[in-house]
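Chemist: Submitted below is the structure of interest, expressed as structure tokens.
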Amino acid sequence: IAKGWTIQQAAHRLGMWGPCLVDAGGDIVCVGAPPDGAWMVTVADPLAPDRDLAVLALHNECVATSTRTYRRWLLDGRPAHHLIDPRTGEPATTNIVSATVVAPALPDAEIYAKTALILGEADGLAYLATLPDSAAILVTEDGRQVHSGNLQDKSNVPFNPFPERA
């Protein structure tokens, strides 16, 4: 959350001088819009990192992705990752591999993405449905893409826009 807040503050300060986009490891704040339209932000496929799931057209919005495909290891022979379920104190047991959320503020987008991932598909979608100012794409272990909110409206081009990268 501190990272998201810091990025948000930097973007707002830069935004006083004109449109800007601040990207800190995939967590992105877009302030204003460039002269030719919106900021174009790709959403990587966590199961095939050289492929994009979507290209989002954003202005005055933020996007955060939470995934368990990075920062993972084996613990006592079992897979573990850095996303801890506060209900158990253990790495979250979830069928969601990746959650990408678009929201007005980056700390919120980060919280929404982590919460949806930790809750899993059904509960994560129910949680996201209570957040009217957000949109999300969840990727499940079996490769399905589940959308929440108006994500399709934010997509500038059809999903999987770069088939040659697939």
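Chemist: Each residue of segment 51-58 in turn: what ³J(HN,Hα) in whole Hz from Karplus with 6.51, -1.76, 1.60 and θ = phi - 60°, glycine and Pro shown as x?
Modeler: So the Karplus estimates, Gly and Pro as x, are 10, 9, 7, 7, 10, 9, 9, 10 Hz.
Chemist: Could I ask something else about it? Report the extension gain between residue 87 and residue 9 in nm, rounded to one decimal, defined as 0.36 nm multiplied by the number of residues separating them, less their alpha carbon distance.
Modeler: 25.0 nm
Chemist: Also, I was wondering about something else. If you filter segment 4-67 for chymotrypsin sites (Phe, Trp or Tyr not before Pro), then keep DSSP loop positions with at most 16 other Cβ within 10 Å, what is left?
Modeler: Passing sites in segment 4-67 are 17.
Chemist: Still on this structure, I have one more. 7 Å from Cα along Cα→Cβ at both residue 59 and residue 133: what's the point-to-point distance in nm?
Modeler: Modelled inter-label distance: 1.9 nm.
Chemist: With an 8 Å Cα cut-off and a minimum separation of 6 or more residues, compute the relative contact order for segment 1-141 in percent.
Modeler: Result for segment 1-141 is 21 percent.
Chemist: Rounded, prolate or oblate, given the Cα gyration tensor of segment 1-140, with a/c below 1.5 counting as rounded?
Modeler: Note, shape of segment 1-140 comes out prolate.
Chemist: What length, rounded to one decimal in nm, is gained on full extension from residue 123 through to residue 1, with 0.36 nm per residue of separation minus their alpha-carbon distance?
Modeler: Answer, rounded to one decimal: 41.7 nm.
Chemist: Could you report the accessible area of residue 59 in Å², rounded to 10, computed with a 1.4 Å probe on the protein chains as they sit in the structure?
Modeler: About 100 Å², ignoring ligands and nucleic acids.
Chemist: Pop a pseudo-label 7 angstrom from the Cα along the beta-carbon direction at both residue 16 and residue 40 and give the gap in nm to one decimal.
Modeler: 3.2
Chemist: Something else now. Leaving ligands and nucleic acids out of the surface, order 51, 87 by accessible area at 1.4 Å, largest first.
Modeler: The residues order as 87, 51, largest area first.
The values are calculated or read from the model by the stated rules, or taken from the named source; none is laboratory data. Computed from a predicted model, the values in this text were never measured in an experiment. With ideal geometry, Cβ positions are generated from the backbone for all residues, glycine too; neighbour counts draw on all protein chains shown. The protein model used for the area step is the full one, side chains on, heavy atoms only, and it has no ligands, DNA or RNA in it. Shrake-Rupley method; radii C 1.70, N 1.55, O 1.52, S 1.80 Å.
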